[in-house]
1. Specify, per residue and in Å³, the volume enclosed by the convex hull of the alpha carbon atoms belonging to the chain.
2. Mind checking the angle between helix 61-70 and the chain's longest principal axis? C-alpha axes, 0 to 90 degrees, to the nearest 10.
3. Angle check, please: helix 87-107 long axis (alpha carbons) against the longest principal axis of the chain (alpha carbons), in degrees 0 to 90, nearest 10.
4. Just flag the trypsin sites (Lys or Arg not before Pro) in the stretch 30-100 sitting in loop per DSSP whose Cβ has no more than 12 other Cβ atoms within 10 Å.
5. Compute the length gained on full extension between Val115 and Ser69: take 0.36 nm times their separation in residues and subtract their Cα-Cα distance, giving the result in nm to one decimal.
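A short reminder: the numbers here are calculations on the coordinates, not readings from a lab. Model, not experiment: these values are computed from the prediction. Cβ: placed from backbone, ideal geometry, glycine included. Neighbour counts: every protein chain shown.
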Amino acid sequence: MPTETQLAEYMAEIREQVCSRCIERPPGAPPCAPHGKRCGIELHLADVVDVAHRVRSGAMDPYIERFHSDVCSHCANKTTNQCPCPLDYLLLLAIQAIDAVDERRAQRGEPAIPVS
Ligand code: SF4
């Protein structure tokens, strides 16, 4: 599992690459939760990072399957009218953002983050 500092770097990249393109983003967001918009990016960031690290595929389907099995399966939002959340269709961008952070970490000589 990433540390809080590592998670902050992933979140900053996701804010830039993903949240900036989200059409559901409330005015004044992100963060979205204070505006009543519950999104998997804010609810489950560590788990989403874990999905990216567990799959490591050139195809998108394995990420989607793992996202649904490892994240959505225990999401409190699942039975509400806020599901599916933006992460459901922005997952590819989120994975790319996580990959970008991992590449930066590798360039800095930092070790890979172990999967949970
Ligand atoms: S798609 Fe639904 S179940 Fe999955 S993270 Fe988003 S709100 Fe939760």
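1. Values: hull volume 12.2 nm³, N = 116.
Output value, Cα hull per residue: 105 Å³.
2. Helix 61-70 and the main axis of the chain meet at about 70 degrees.
3. 30 degrees
4. Details: sites: Lys37, Arg38, Arg54, Arg56, Arg66, Lys78; in loops: Lys37, Arg38, Arg56, Lys78.
Here the trypsin sites (Lys or Arg not before Pro) that fit, given the DSSP loop and packing criteria, are Arg56.
5. Length gained between Val115 and Ser69: 15.0 nm.
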